[in-house]
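J.: Mind looking over this structure? Questions follow.
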2 protein chains.
Amino acid sequence: MSSHLQSYGQRAQNFTNPAAKLLLETMERKKSNLAVSVDVTKTKDFLSIIDTVGPFVCLIKTHIDILEDFDPSLITQLKELSQKHNFLIFEDRKFADIGNTVALQYSRGVHRIADWAHITNAHAVPGPGIITGLSSVGLPLGRGLLLLAEMSTKGSLATGAYTDATLRMAENNRDFVVGFVAQQRMGGHHEDFLVLTPGVGLDSKGDGMGQQYRTPREVILDSACDVIIVGRGIYGGDTAESVRAQAQRYQDAGWSSYLERISLP
Amino acid sequence: MSSHLQSYGQRAQNFTNPAAKLLLETMERKKSNLAVSVDVTKTKDFLSIIDTVGPFVCLIKTHIDILEDFDPSLITQLKELSQKHNFLIFEDRKFADIGNTVALQYSRGVHRIADWAHITNAHAVPGPGIITGLSSVGLPLGRGLLLLAEMSTKGSLATGAYTDATLRMAENNRDFVVGFVAQQRMGGHHEDFLVLTPGVGLDSKGDGMGQQYRTPREVILDSACDVIIVGRGIYGGDTAESVRAQAQRYQDAGWSSYLERISLP
């Protein structure tokens, strides 16, 4: 059976990588294929949004480098929320340098990403050395990597031969590369990769800086992706109640599309 | 006359961007087309290397996000060294996200890159929105952007149509995009772009993680690039004296290749 027609829980067996297994098991248990991208610049807002949406998500996506008042104690609090609400953490760092440099960026600096992010991601443009560098840090820690196979922006160069080469790089590093950030299923019918998809919205078509949006149904059912990534569409509201309501709404939309998909004949 | 046969000082007039002008004027004045890439994780080493190589360089290239003991006061000290030794600062961030996100990564977070880096760089893979996002922050501050048109690593995907599309994106944003990180001259004979080239070494051919090295002469004379970027080849030595000697050696190698180039018939 093609992997995208299996349940998330069954698919945990298709992976050896601990982060991929844990993500799929979490999705099954919480009935959620929703990731929330928390793109705010103040720690207080960051933690508040995560605590509010936590019950509805399998994954929290961070840009740790935009937090102006970042402090190592934030990581402790983030980890506590991850335990409390049972979600994984995906630092959307989009590593894009040579192997030696990304190994330092991943493990060092004030952010020490490898210490706390179950999953991170990288562009394939530097070639396979970027995976060598990142896996030298992440694999011993049980971390997983996603490659950017496509982007949701207008005029993206991650198309055609670029996307194909990215896929080859993933296939050659299955122990560490657990999937893709992409707009559609990748890897054919027999090779199981996770596909996480940004640019998902129920109410808007774009942001004026090249970002384009699709609905959860288009992403999960039509394009057979696995995780919808939603940002301002969820936490744009003023009150915790409205944020909670949006998170619930996206969780339901993503999950019902998934149930429809795995019940396809 | 083709721009690469002009002197650096003459070429300052080919640019409207203040960072590009200042870099070219600095190169002419200091007789240096050498940038040193300072890839260390401790502030003490970082500042010490920069103070040692400062007299020999036009530009210091940083990875601010690998410094484990980063503190905002470091930026003050970095700026003081930049004044003392008369060099520009290039944060090698390799931005690679959507416009809205890179604008935050460039201006915010603990590192506040736009506040102190004269020049930064970005991958073209997300499409033109990445330039829109970065220029919304950097252009009012007089900053300049380089695009990654090629990479020096094995299996790089920045080739062919990807490189061509990157060049088009630069041509359409000449006020902010001042040039490229690339392995050869870009932009044809009439359009003047700066070309900064990493992967330069006099003594080594590679680093085991996909990085490949070429000599200053190959880069400046044969490939008509403008700035050689050298890292561990310069500061790998034990003593300040050996670091200074290597910096002098690379400055001389780069500059003599440049003099040879502009005296070509």
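The values are calculated or read from the model by the stated rules, or taken from the named source; none is laboratory data. Computed from a prediction, not measured in an experiment: that's the story for all the values here. Every residue, glycine as well, gets a Cβ built from its backbone with ideal geometry; the counts of neighbours run over all protein chains shown. In case anyone asks, the SASA skips ligands and DNA or RNA and just uses the protein heavy atoms, side chains included. Shrake-Rupley method; radii C 1.70, N 1.55, O 1.52, S 1.80 Å.
J.: Please enumerate the residues belonging to the range A:48-58 that are within 18 Å of the chain's Cα centre (by Cα) and surrounded by 17 or more Cβ atoms within 10 Å (Cβ to Cβ).
T.: A:Ile49, A:Ile50, A:Val53, A:Gly54, A:Phe56, A:Val57, A:Cys58
J.: Ok, one more. Among the residues of the range A:230-242, which ones are open to solvent by 10 Å² or more (accessible area, probe 1.4 Å) and among the aliphatic types (A, V, I, L, M)? Show your work before the answer.
T.: Within the range A:230-242, the subset open to solvent by 10 Å² or more (accessible area, probe 1.4 Å) is A:231-233, A:235-242.
Within the range A:230-242, just A:Ala240 meets the criteria.
J.: Can you name the condition, by its number, that B:Phe95 falls short on among (1) closer than 29 Å to B:Arg249 by Cβ; (2) buried (at least 24 other Cβ atoms within 10 Å of the Cβ); (3) facing chain A (nearest Cβ under 9 Å); (4) not acidic (Asp, Glu)?
T.: (1)
J.: How about the range B:170-186: which of its residues are open to solvent by less than 40 Å² (accessible area, probe 1.4 Å), in contact (Cβ under 8 Å) with a residue 40 or more places away in the chain, within 25 Å of B:Thr153 (Cα to Cα) and in a loop (DSSP other than H, G, I, E, B)?
T.: Result: B:Ala182, B:Gln183.
J.: Mind listing whichever residues of the range B:142-157 are in contact (Cβ under 8 Å) with a residue 24 or more places away in the chain and closer than 15 Å to A:Ser156 by Cα?
T.: B:Leu147, B:Leu148, B:Ala149 - these are the residues of the range B:142-157 that are in contact (Cβ under 8 Å) with a residue 24 or more places away in the chain and closer than 15 Å to A:Ser156 by Cα.
J.: Could you check, for the range B:1-18, whether at least one of its residues is buried (at least 18 other Cβ atoms within 10 Å of the Cβ) and out of contact with any Asp or Glu (no Cβ under 9 Å at 6 or more places or on another chain)?
T.: Looking only at the range B:1-18, we keep the residues that are buried (at least 18 other Cβ atoms within 10 Å of the Cβ), and these are B:3-4, B:8, B:11-12, B:15, B:17.
Checking which are out of contact with any Asp or Glu (no Cβ under 9 Å at 6 or more places or on another chain) leaves us with none.
There is no residue in the range B:1-18 that is buried (at least 18 other Cβ atoms within 10 Å of the Cβ) and out of contact with any Asp or Glu (no Cβ under 9 Å at 6 or more places or on another chain).
J.: Considering B:Lys84, B:Lys21, which residue is open to solvent by 10 Å² or more (accessible area, probe 1.4 Å) and touching a residue at least 24 places away in the same chain (Cβ under 8 Å)? Quick ask: steps written out before the conclusion?
T.: Working: B:Lys21 fails: touching a residue at least 24 places away in the same chain (Cβ under 8 Å).
Testing whether each residue is open to solvent by 10 Å² or more (accessible area, probe 1.4 Å) and touching a residue at least 24 places away in the same chain (Cβ under 8 Å) leaves just B:Lys84.
J.: Quick one: is A:Gly187 in contact with a Phe, Trp or Tyr (Cβ under 9 Å, 6 or more places away or on another chain) and away from chain B (no Cβ under 12 Å)? Don't jump to the end; show me each part of the working.
T.: On the way: in contact with a Phe, Trp or Tyr (Cβ under 9 Å, 6 or more places away or on another chain): yes; away from chain B (no Cβ under 12 Å): yes.
Yes; evaluated as a whole, the condition is true for this residue.
J.: Tell me which of these B:Val200 doesn't satisfy, since it passes every other one: (1) within 13 Å of chain A (Cβ to nearest Cβ); (2) of a type outside the set (S, T, N, Q); (3) open to solvent by less than 10 Å² (accessible area, probe 1.4 Å).
T.: Condition not satisfied by B:Val200: (1).
J.: Only residues that are more than 10 Å from chain B (Cβ to nearest Cβ) and either open to solvent by 10 Å² or more (accessible area, probe 1.4 Å) or without any contact (Cβ under 8 Å) to a residue 60 or more places away in the chain (or both): list them for the range A:98-120, please. If you could, list the steps in order and put the result at the bottom.
T.: So in the range A:98-120, the residues more than 10 Å from chain B (Cβ to nearest Cβ) come out as A:114-120.
A:Ala114, A:Asp115, A:Trp116, A:Ala117, A:His118, A:Thr120, listed by residue number.
J.: Looking at the range B:121-162, which of its residues are open to solvent by less than 10 Å² (accessible area, probe 1.4 Å), at the interface with chain A (Cβ under 8 Å from one of its Cβ atoms) and in a loop (DSSP other than H, G, I, E, B)?
T.: B:Ala124, B:Val125, B:Pro126, B:Gly127, B:Ala158
J.: Same structure again: Is there a residue in the range B:137-154 that is in contact with a Lys or Arg (Cβ under 6 Å, 6 or more places away or on another chain) and at pLDDT 95 or above?
T.: No: the range B:137-154 contains no residue that is in contact with a Lys or Arg (Cβ under 6 Å, 6 or more places away or on another chain) and at pLDDT 95 or above.
J.: Within the group A:Lys42, A:Lys61, A:Lys79, which residue is over 15 Å from the mean Cα position of the chain (by Cα) and either buried (at least 17 other Cβ atoms within 10 Å of the Cβ) or within 14 Å of chain B (Cβ to nearest Cβ) (or both)?
T.: Working: A:Lys61 fails: over 15 Å from the mean Cα position of the chain (by Cα); A:Lys79 fails: either buried (at least 17 other Cβ atoms within 10 Å of the Cβ) or within 14 Å of chain B (Cβ to nearest Cβ) (or both).
Selected residue: A:Lys42, the only one of A:Lys42, A:Lys61, A:Lys79 that is over 15 Å from the mean Cα position of the chain (by Cα) and either buried (at least 17 other Cβ atoms within 10 Å of the Cβ) or within 14 Å of chain B (Cβ to nearest Cβ) (or both).
J.: Which of (1) within 11 Å of chain B (Cβ to nearest Cβ); (2) in contact with an Asp or Glu (Cβ under 9 Å, 6 or more places away or on another chain) does A:His85 not meet, given it meets every other one?
T.: Only one criterion in (1) within 11 Å of chain B (Cβ to nearest Cβ); (2) in contact with an Asp or Glu (Cβ under 9 Å, 6 or more places away or on another chain) is unmet by A:His85, namely (1).
Residues are listed down the side, and each one gets a yes or a no for (1) of a type in the set (A, V, I, L, M, F, W, C); (2) modelled with pLDDT of 95 or more:
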{"site": "A:Leu5", "(1), (2)": "yes, no"}
{"site": "A:Leu24", "(1), (2)": "yes, yes"}
{"site": "A:Glu28", "(1), (2)": "no, yes"}
{"site": "A:Thr41", "(1), (2)": "no, yes"}
{"site": "A:Asp45", "(1), (2)": "no, yes"}
{"site": "A:Phe56", "(1), (2)": "yes, yes"}
{"site": "A:Ile60", "(1), (2)": "yes, yes"}
{"site": "A:Asp65", "(1), (2)": "no, yes"}
{"site": "A:Thr76", "(1), (2)": "no, yes"}
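J.: Still on this structure, please answer the following. Would it be correct to say that A:Ala170 is under 16 Å from A:Ile119 (Cα atoms), under 14 Å from the mean Cα position of the chain (by Cα) and away from chain B (no Cβ under 11 Å)? Before you say what the answer is, go through the steps one by one.
T.: Details: under 16 Å from A:Ile119 (Cα atoms): yes; under 14 Å from the mean Cα position of the chain (by Cα): no; away from chain B (no Cβ under 11 Å): yes.
The answer is no for A:Ala170.
J.: Just to be sure before I move on: is A:Leu67 open to solvent by less than 10 Å² (accessible area, probe 1.4 Å), more than 14 Å from chain B (Cβ to nearest Cβ), of a type in the set (A, V, I, L, M, F, W, C) and under 23 Å from A:Lys42 (Cα atoms) in the structure I sent? Spell out how you get there, then give the answer.
T.: Details: open to solvent by less than 10 Å² (accessible area, probe 1.4 Å): yes; more than 14 Å from chain B (Cβ to nearest Cβ): no; of a type in the set (A, V, I, L, M, F, W, C): yes; under 23 Å from A:Lys42 (Cα atoms): yes.
The answer is no for A:Leu67.
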